[in-house]
1. Non-local amide H neighbours of PHE63 (under 5 Å, H modeled in plane, Pro and chain starts lacking H): which ones?
2. Can you give the accessible area per residue of the range 63-145, in Å², using a 1.4 Å probe?
3. How far, in nm, would the chain grow between PHE18 and LYS123 when pulled straight, counting 0.36 nm per residue and subtracting the alpha carbon separation?
4. Below 8 Å between Cα atoms, with a sequence gap of 6+, how large is the relative contact order for the range 3-130 in percent?
5. Under 14 Å from the Cβ of ILE11, count the other residues' Cβ atoms, weight Lys and Arg +1, Asp and Glu -1, and hand me the total.
6. What distance in nm lies between label points placed 7 Å from Cα along the C-beta direction at LEU6 and PHE147?
Amino acid sequence: MKIKNLILTLILAIFYPFSLLQKVKKNKITFISLESNSLTRDFKIINNALIKADKYDLTYHLFDYTPGLKNQVIYIIKCIQQLFAINQSHLVLLDFNNFVVSKFKRKHGVTVLQLWHATGAIKKFGNSVPRDYKIKHYDYTIVNSEFFVDDFSKAFNIKKENVKITGIPETDKLFNHQRINNNGKLQVQVSHPDKPVSACCN
């Protein structure tokens, strides 16, 4: 893996100077994922809110990475695209470890926010586990409790004050009154099996 990372670094180094020639767009927000080809979980929730605000230029670099020669080639191409997207975005949102951000410093004015795909630190991740490359150059991440601040700070090489206790977007649904009411109706349906399903949904 270290040889592959070295090759990828050399390839990206060729394009890196050209990516720095771009201007950072103040309203551009870029989503980058290696978890899925489509927006899911926190990404989907945040994206919907940003679309509703109707004042941001949103771009997406989504790739469901799996092992294999073909995907390795696609991954290299995706990393080149990320390099240019990052250096013209005011804000970059990540949901997984990112090689490009960690290996290459981006332009001044670009902020990187890690929205890790877990709601806590049940297992070790990031720099807390043996890696082929060190994670760095992230600016912020979010957690749902002060209990996880140290873990996320160490894992992502982020200052503790930049680990923000905001809660996780996906758990907002737990406070959604419409959802709570619908779940309450569902409980009534479960408690009364003779009652038709349609009765709890009308």
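1. Hits under the 5 Å cutoff: SER33, LEU34, GLU35, SER36.
2. Per residue, the range 63-145 has 48 Å² of solvent-accessible surface.
3. Value of the extension gain: 33.9 nm.
4. That works out to 32 percent.
5. +3
6. 4.4
The values are calculated or read from the model by the stated rules, or taken from the named source; none is laboratory data. Bear in mind the structure is a predicted one, so any value in this text is a computation, not a measurement. FYI the Cβ positions are ideal-geometry reconstructions off the backbone, even for glycines, and counts take in every protein chain you see. Ligands, DNA and RNA are excluded from the accessible area calculation, which covers all protein heavy atoms including side chains. Shrake-Rupley method; radii C 1.70, N 1.55, O 1.52, S 1.80 Å.
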